[in-house]
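Every number here is computed from the coordinates shown, using simple stated rules; none is lab data. All of these numbers come straight from a predicted model, not from anything done at the bench. Every residue, glycine as well, gets a Cβ built from its backbone with ideal geometry; the counts of neighbours run over all protein chains shown.
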Amino acid sequence: MVESDFGLCSECWSQTAFIGGAVCDSCGRPVTAEASENRVVCDACLSDPPPWSRGRSAILYNGAGRSLILAFKHGDRTDIARPAAQWLYQASRPVLADVDVIAPVPLHRLRFLKRRYNQAALLAKNLAALTSVPFCPDLLLRTKGLGGLEGLSAAERAEKLRGAIEPNRRRTHLIAGAKVLLVDDVLTSGATLRAATQACLTANAKEVCVATLARVAKDA
């Protein structure tokens, strides 16, 4: 990391796969599309539509991008949140219109006590600071499903997260009738974001969009 507008040295910048060009409007996956197409949806989202309406990601989860995420998530590199939010802001501009509240995907309280911070909350807070949209760190709560998802199949991830995320009863007035933007660090299978989106819809959100700093190139 460097003190600059882009936050990375030139070498790391060149090794980070920033997502640009045509992307799936639902999940943010890079796609091949004709310039005349207004809304592009990838085959995966056509066959299994996500519960959220639109999604965007800033970088691909590989190479230097993966190292960056791991340092942010497990290496106490909370300083990454500020430049990363700027990248996410640029990527998520199409889904920011008319958003009423920005909130992070929640972390289980035991995981929070161990890690001492929620990287998604830091990212969401810095993203909200670049907009005029209110930030709510505890809009949702993760009540179960403790433990990592690494190594699990998409079906196993979905099963583990079934009912694991709930709307915070003290914040349901911020969700009802609102367009919510959910923020997370990585989109892998989409199971966590699906559970978080469903929690918002259960609390009568008008619409849910998602934004992640990174996403895997395939199987998301």
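Applying 1/(1 + (r/R0)^6) with r as the Cβ-Cβ distance of Ser53 and Phe18 and R0 = 22 angstrom yields a FRET efficiency of 0.40. Only the Cβ atoms of Lys and Arg (+1) and of Asp and Glu (-1) were treated as charged; on that basis the dipole of segment 10-215 about its Cα centre amounts to roughly 840 debye. Extension gain for Val40-Arg162 works out to 41.0 nm (0.36 nm per residue, less the C-alpha to C-alpha distance). Residue-wise HN-Hα couplings along segment 96-102, as the Karplus relation 6.51 cos²θ - 1.76 cosθ + 1.60 with θ = phi - 60° gives them from phi, are 7, 4, 6, 5, 9, 7, 10 Hz; Gly and Pro carry x.
The Asn204 and Thr131 beta-carbon pair, evaluated with R₀ = 22 Å, returns a calculated FRET efficiency of approximately 0.40. A helix-only calculation puts the chain at -10000 deg cm²/dmol for mean residue ellipticity at 222 nm, using -39500 (n - 2.57) for each DSSP H run of at least four residues, averaged over all residues. Can you work out the FRET efficiency for the pair Asn62 and Lys114, with r the C-beta to C-beta distance and R0 = 35 Å, to the nearest 0.05? The calculated FRET efficiency here is 0.85.
Listed highest first by mean packing, meaning other Cβ atoms within 10 Å per residue, what order do 174-187, 111-124 come in?
Descending packing order for the listed peptides: 174-187, 111-124.
Dividing the mean sequence gap of close Cα pairs (under 8 Å, 6+ apart) by how many residues the chain holds gives a relative contact order of 23 percent.
Candidates Ala97, Leu201, Asn168 compared by Cα position along the dipole of the chain: farthest toward the positive end lies Asn168, with charges placed on Cβ.
Please work out, to two decimal places, the log10 of the ratio I(q)/I(0) at q = 0.09, 0.17, 0.19 Å⁻¹ from a Debye calculation in which every Cα of segment 10-215 carries one identical scatterer. Debye curve over Cα of segment 10-215, log10 I(q)/I(0) at q = 0.09, 0.17, 0.19 Å⁻¹: -0.31, -1.22, -1.55.
Could you tell me what percent of the DSSP beta bridges with both partners in segment 10-215 are antiparallel, to the nearest 5? Antiparallel: roughly 20 percent of the beta bridges in segment 10-215.
Around Asn168, with a cut-off of 14 angstrom between Cβ atoms, what is the net charge of the other residues, counting Lys and Arg +1 and Asp and Glu -1? Its environment carries a net charge of +3.
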